[in-house]
Amino acid sequence: MISPFSIKNAFLGVIPSTILTASSEGIPNVAYLSQVYLLNETQLGLTTQFFNKTKSNITTNPHCTVRVYDPDNFSAYEIEAQYSHTESDGPLFSQLAKKFDAIADYSGASHFFKLQSIEVLNIVNIEKIGNEAYTSEEAALPLPSRRTIIDFESLQKVCERVSAAQNLEDLFDSILKAIDLEFGLRHSMILMKQGDADRLYTISTRGYDQSGVGSEVKIGEGVIGRAAEMKVPFAHASLTREILYARATAPSPKETATESVLHYAIPLPGLKMSRSQMAIPIVLRGELFGVLFAESENIYEFRDSDESILKTLSHVLALAIQNLQISHDFEIVHTAPPTMAEPKVRPSKEKLIFSYFHKEDCILLNGEYLIRNVPARILWRMLKDYQTGKTEFTNRELRMDSWLQLPEVKDNLETRLILLRKRLEKKCPLVSIISSGRGRISLVVSGDITLSEN
C-alpha cells in the first residue's frame with residue numbers, strides 16, 4: 001500500500017476529490033469534496049457541510065472509495081476506506097472549524113458557511129490509478145514552478161539581514177524585502193499585536209499598490225486572525241475555489257438577515273485575486289507578537305518548504321523583536337541623515353487641521369481619517385505640547401503619561417511609534433517624527449496647525 005504521507009500534496013485541496021458511497025440497498029452515489037484531510041497515517045477526515053446523502057450512506061454502509069489528485073502531475077490515487085466515527089466537537093473539530101470560519105470570513109459567508117461535523121475514515125488501502133486528464137478551472141491554470149527543498153544559503157542571507165537590523169522598523173522592512181528577493185514571496189506583510197488589544201495592526205508590507213500600514217485585523221477573523229487566535233499556521237493552496245464554494249452555498253442577502261460588516265478606516269492590503277495564502281503566527285514562549293503573512297495570485301504557490309521557511313523566520317523574528325526591545329532601550333525610529341529626515345519645506349500658510357474625537361479615540365486630518373487608539377493619543381499629546389513650544393520627547397515620559405493608557409508591562413511603544421510615523425509619512429508629510437538621540441524623538445512641523453477636540 002502507498003503511504004498517505006508520500007502523496008500529501010494530493011490532500012491540499014488544489015484539485016477537488018471525489019467519494020463513492022453506496023446505500024444499504026447498494027445504490028451508488030458520487031460526490032465532490034472540497035478537501036480531504038489527512039489526519040494521520042491511518043485516517044482521513046471529511047468535512048460535512050452539504051452532503052447529506054454521502055453521510056447517510058457511510059453511516060449505514062461504511063465502505064467507500066475516495067479519489068484524490070496530486071496537483072504536481074495530476075496523478076490519481078484511489079483510497080479504499082471505511083467509516084469510523086463522527087466528530088462534532090473536540091480539538092480536531094475545533095481546528096478544522098477555524099479554517100472554515102476563516103474562508104467564510106474571507107468570502108462574506110460567515111453567517112452561513114459553518115462546519116457541521118467531521119466524518120473520520122480509516123484507510124484500508126491506497127493505490128495509484130494513473131494520470132487522468134482532469135478538466136477544471138484549476139487544471140487550466142499554470143502551476144508555478146516552486147522550490148521543493150529549503151535553500152539554506154538563502155535562509156542564511158535572510159537571517160543575516162535580521163541580525164544587521166538596528167531597530168524594529170529596519171527589522172520589519174528588511175525581512176519582507178529579504179523573503180521577496182531570496183525566496184520569491186513577493187506579496188507579504190507583518191501585523192503586530194499591541195498590548196491586550198483584540199486586533200492586529202499592519203506594521204509593514206511589501207508588494208502591494210497601497211501600503212495599508214495601520215489597517216486592522218480582529219483576532220479570530222479571517223485567515224490572519226485565525227492564525228493569531230490559535231497560534232498555529234493557516235495555509236490555503238486553492239483559495240479561489242474554496243471561496244466560490246462558500247459563496248455558492250450561502251443564501252442571498254434577501255434570504256437571511258445579516259449584521260452589517262465593519263469596514264475599517266484603512267483597508268487591509270491584498271491581491272484582487274488571491275489564490276494561495278499563508279499566515280504564520282509570530283510566537284515566543286507562548287506569547288503572540290503578531291503574524292507573518294504571504295499570498296500569491298497563483299494557485300498552489302506555496303509548498304512545504306515555503307511554510308517551513310516562514311515558520312523558521314517567524315521564530316527568528318520573535319527573538320529579534322525581543323532582543324531589539326531590550327538592547328536598544330526601546331529606541332524605534334531610525335536616525336536618518338538630516339536631508340532625508342527633515343520634511344520638505346512647504347508654505348506656512350498651508351492649513352493642517354487635526355481633530356481628536358474622544359469617543360471614537362481617533363484623529364482626523366482636514367476631515368479625513370488619520371489614525372486611532374494609542375498612536376492617536378501619542379500624536380495628540382505631542383501636537384498639544386508642540387503648540388506650547390515643546391518639540392522633543394523621550395520614550396520614558398511617554399510611558400509615564402497615564403492619559404496614553406500604555407500597559408505597565410510590554411507596552412509596545414516602539415511599534416506604535418513606527419505605525420504613527422508611517423501614517424504621517426503617507427498622509428501628512430508636513431508633520432514627521434524623527435530620532436533625536438537614544439530614546440528620544442522630535443516632532444517636526446512645516447505648516448500651520450490647528451487643533452480641535454470633540
* Asked: Between residues in segment 20-31 that are under 19 Å from residue 68 (Cβ atoms) and touching a residue at least 24 places away in the same chain (Cβ under 8 Å) and residues that are buried (at least 16 other Cβ atoms within 10 Å of the Cβ) and of a type in the set (A, V, I, L, M), which pairs lie under 8 Å by C-beta distance while being six or more apart or on different chains?
  -> 20/66; 21/31; 21/58; 29/20; 29/22
* **Residues of segment 180-221 satisfying the condition of being open to solvent by 10 Å² or more (accessible area, probe 1.4 Å) and assigned to a helix (DSSP H, G or I)** => 180, 181, 182
* Can you list the strands (runs of 3 or more DSSP E) found entirely within segment 361-434 that contain at least 1 residues being polar (S, T, N, Q) and either in contact with a strand residue (DSSP E or B) (Cβ under 6 Å, 6 or more places away or on another chain) or at pLDDT 90 or above (or both)? -> 392-394
* Just give me the residues in segment 422-452 being surrounded by fewer than 16 Cβ atoms within 10 Å (Cβ to Cβ) and closer than 12 Å to residue 353 by Cβ, in sequence order. => 448, 450, 451, 452
* Are there any pairs with C-beta distances below 8 angstrom linking a residue in segment 190-209 that is under 11 Å from residue 415 (Cα atoms) and touching a residue at least 60 places away in the same chain (Cβ under 8 Å) to a residue that is hydroxyl-bearing (Ser, Thr, Tyr) and assigned to a strand (DSSP E or B), with the two at least 6 apart or on different chains, and if so which? -> 191/201; 191/202; 192/201; 193/201; 194/201
* Which one of 38, 46 is closer than 17 Å to residue 86 by Cα, in contact (Cβ under 8 Å) with a residue 24 or more places away in the chain and open to solvent by less than 10 Å² (accessible area, probe 1.4 Å)? -> 46
* Asked: Is it the case that residue 28 is in contact with a strand residue (DSSP E or B) (Cβ under 8 Å, 6 or more places away or on another chain), open to solvent by less than 40 Å² (accessible area, probe 1.4 Å) and not aliphatic (A, V, I, L, M)?
  -> no
* Structure fact -> Here the residues within segment 15-25 that are touching a Leu at 6+ places or on another chain (Cβ under 8 Å) and either open to solvent by 50 Å² or more (accessible area, probe 1.4 Å) or of a type in the set (A, V, I, L, M, F, W, C) (or both) are 19
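The values are calculated or read from the model by the stated rules, or taken from the named source; none is laboratory data. Because the structure is predicted, anything quoted here is derived from the model rather than measured. Note: ideal-geometry Cβ built from the backbone for every residue, glycine included; neighbour counts use all protein chains shown. Please note that ligands, DNA and RNA were not included when accessible areas were found on the heavy atoms of the full protein model with its side chains. Shrake-Rupley method; radii C 1.70, N 1.55, O 1.52, S 1.80 Å.
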